[in-house]
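Before any comments, here is the structure.
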Amino acid sequence: MKAQVFRGVNQLSYEEIPVPTLLTDEVLVQVQAVGLCQSDIKKIRYPLYEPPRIFGHETAGIITAVGAGVTGWQVGQRVAVMHHIPCMRCAYCLNDNFSMCDTYKNICTTAGFAPSGGGFAEYVKVPGHIVRNGGLIPIPDNISFDEASFVEPTNCCLKAVKKAQIAPGQTVLITGAGPIGLMFVMLVKFFGAKAIATDLLPSRIEKALSVGAEAAFDARDSNLREKIHAMTNGMGVDVALLAVPSEKAFFQALDCTRKGGKILFFAEFPDEMEIPVNPNILYRREIDLMGSYSSSYRLQSLAVDIVFNRRIDVQALISNHYPLKDLSTAVEQAVFPTPETYKILIHP
């Protein structure tokens, strides 16, 4: 089969490799659509993992083989694939910190080499633990593979929305109107709150408004704080979601968040970055700082419901489709987006 093999920093090699062989409890899925995620881009562009590996984890496809011991799944079924499933028994899982679970981190779908997602290949193998514990999700006939590939990123964004306790009537600042920021806009509106987005690209500012933002501003606007306070009766937003890894965005969020509000880090910052914060600002204003990483098993059924019942329009987020052989071009476009670049899908 064909696969895009990570051979080193910024080195993707379009290669012929063996189709994964199955153990008795495993399933093989032919990949039809896989989203290009910022975490994939980070893994490709920075020395975070030893090569060789095959990345890609926002996967939807068709079951083409099942192990002899697999029950409940048949060849030909259309499925969305979750690349991690927690153990549900460890101390982290019992506290709903599923993404900290060792099983979650270490058992992963694979197309070969060290298990790393495997979606950037023609076929991906799903381990027995994931098969048995809810990691395969049947796709309804009326839902496309493109839409189904959004189940995993929708879950990740839902986790942040729930962790920040965003509620009807609140106002939420979303820094960055890329694919994730735009999904946050949609979800914030779905849960009855008002979204205010910021970005550097005029086209993304317009896009945020088109998908439901109450307002959208240029992040360089020197009057941003005043405009947001004017929209919130002088208080500031209830929650700020950082969808870009920017120090400036953090301090804007701090300026624009009300006393007693929350700031959530969703984008991953470079490891070498340190942000100096006067702790008295957090103390006196009672600002909660929090992080949200990856997905939550607890929210899986809700993510599926939102995508498969089209409660948000994920198709509005798709801007580009690339064949697997052009993954390097897709990564380059995502890193240096055109005004109309949003979510990029790869089609092995």
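Each residue in region 176-186 was checked for being open to solvent by 10 Å² or more (accessible area, probe 1.4 Å) and in contact with a helix residue (DSSP H, G or I) (Cβ under 6 Å, 6 or more places away or on another chain), and 1 pass. Would you say Arg78 is under 24 Å from Gln32 (Cβ atoms), touching a Phe, Trp or Tyr at 6+ places or on another chain (Cβ under 9 Å), touching a residue at least 24 places away in the same chain (Cβ under 8 Å) and among the basic types (Lys, Arg)? For Arg78, the condition - under 24 Å from Gln32 (Cβ atoms), touching a Phe, Trp or Tyr at 6+ places or on another chain (Cβ under 9 Å), touching a residue at least 24 places away in the same chain (Cβ under 8 Å) and among the basic types (Lys, Arg) - is met. Of the residues making up region 286-298, those that are assigned to a loop (DSSP other than H, G, I, E, B) and either open to solvent by less than 70 Å² (accessible area, probe 1.4 Å) or at pLDDT below 95 (or both) number 5.
Among the residues of region 301-321, just one is among the small types (Gly, Ala, Ser), in contact (Cβ under 8 Å) with a residue 12 or more places away in the chain and either buried (at least 19 other Cβ atoms within 10 Å of the Cβ) or over 20 Å from Val34 (Cβ atoms) (or both), namely Ala303.
Among the residues of region 323-348, those that are in contact (Cβ under 8 Å) with a residue 40 or more places away in the chain, more than 19 Å from Ala243 (Cα to Cα) and not small (Gly, Ala, Ser) comprise Leu324, Lys325, Leu327, Leu345, Ile346, His347, Pro348. Scanning region 1-27 for residues being part of a strand (DSSP E or B), of a type in the set (D, E, K, R) and more than 12 Å from Phe120 (Cα to Cα) gives a total of 2.
Please indicate, with yes or no, whether at least one residue in region 166-175 is surrounded by fewer than 24 Cβ atoms within 10 Å (Cβ to Cβ), in contact with a Lys or Arg (Cβ under 9 Å, 6 or more places away or on another chain) and over 22 Å from Val314 (Cα atoms). Yes, region 166-175 contains a residue that is surrounded by fewer than 24 Cβ atoms within 10 Å (Cβ to Cβ), in contact with a Lys or Arg (Cβ under 9 Å, 6 or more places away or on another chain) and over 22 Å from Val314 (Cα atoms). One residue stands out in region 63-78 among those that are within 23 Å of Ala114 (Cα to Cα) and hydrophobic (A, V, I, L, M, F, W, C): the one that is surrounded by the fewest Cβ atoms within 10 Å (Cβ to Cβ), namely Ala65.
The single condition from (1) assigned to a helix (DSSP H, G or I); (2) surrounded by fewer than 21 Cβ atoms within 10 Å (Cβ to Cβ); (3) more than 18 Å from the chain's Cα centre (by Cα) that Lys105 fails is (3). If Gly76 passes every condition in (1) in contact with a strand residue (DSSP E or B) (Cβ under 6 Å, 6 or more places away or on another chain); (2) part of a loop (DSSP other than H, G, I, E, B) but one, which one does it miss? It is condition (1) that Gly76 fails.
When Phe269, Phe250, Phe265 are checked against the criterion of being open to solvent by less than 20 Å² (accessible area, probe 1.4 Å), closer than 24 Å to Ala334 by Cα and within 22 Å of the chain's Cα centre (by Cα), a single residue qualifies: Phe250.
Consider Tyr283 carefully, then state whether it is surrounded by 17 or more Cβ atoms within 10 Å (Cβ to Cβ), more than 19 Å from Val188 (Cα to Cα) and modelled with pLDDT of 95 or more. It is false that Tyr283 is surrounded by 17 or more Cβ atoms within 10 Å (Cβ to Cβ), more than 19 Å from Val188 (Cα to Cα) and modelled with pLDDT of 95 or more.
Give the residues of region 3-43 that are open to solvent by 60 Å² or more (accessible area, probe 1.4 Å), more than 23 Å from Ser144 (Cα to Cα), touching a residue at least 40 places away in the same chain (Cβ under 8 Å) and not β-branched (Val, Ile, Thr), sorted by residue number. Scanning region 3-43 gives Arg7, Gln11, Tyr14, Pro18, Leu23. Cβ-Cβ distances below 6 Å connect the following pairs, each with a first residue in region 54-69 that is among the aromatic types (Phe, Trp, Tyr), a second residue that is open to solvent by 10 Å² or more (accessible area, probe 1.4 Å), and a separation of six or more residues or different chains: Phe55/Lys43; Phe55/Ser116.
I want to confirm something. Restricting to region 190-227 and keeping residues that are touching a residue at least 40 places away in the same chain (Cβ under 8 Å) and open to solvent by 40 Å² or more (accessible area, probe 1.4 Å), which single residue is nearest to Tyr342 (Cα to Cα)? Among those that are touching a residue at least 40 places away in the same chain (Cβ under 8 Å) and open to solvent by 40 Å² or more (accessible area, probe 1.4 Å), it is Lys207.
The values are calculated or read from the model by the stated rules, or taken from the named source; none is laboratory data. Note that this is a predicted model, so its numbers are computed, not measured. Every residue, glycine among them, receives a Cβ derived from its backbone with ideal geometry; neighbour counts consider all protein chains shown. In case anyone asks, the SASA skips ligands and DNA or RNA and just uses the protein heavy atoms, side chains included. Shrake-Rupley method; radii C 1.70, N 1.55, O 1.52, S 1.80 Å.
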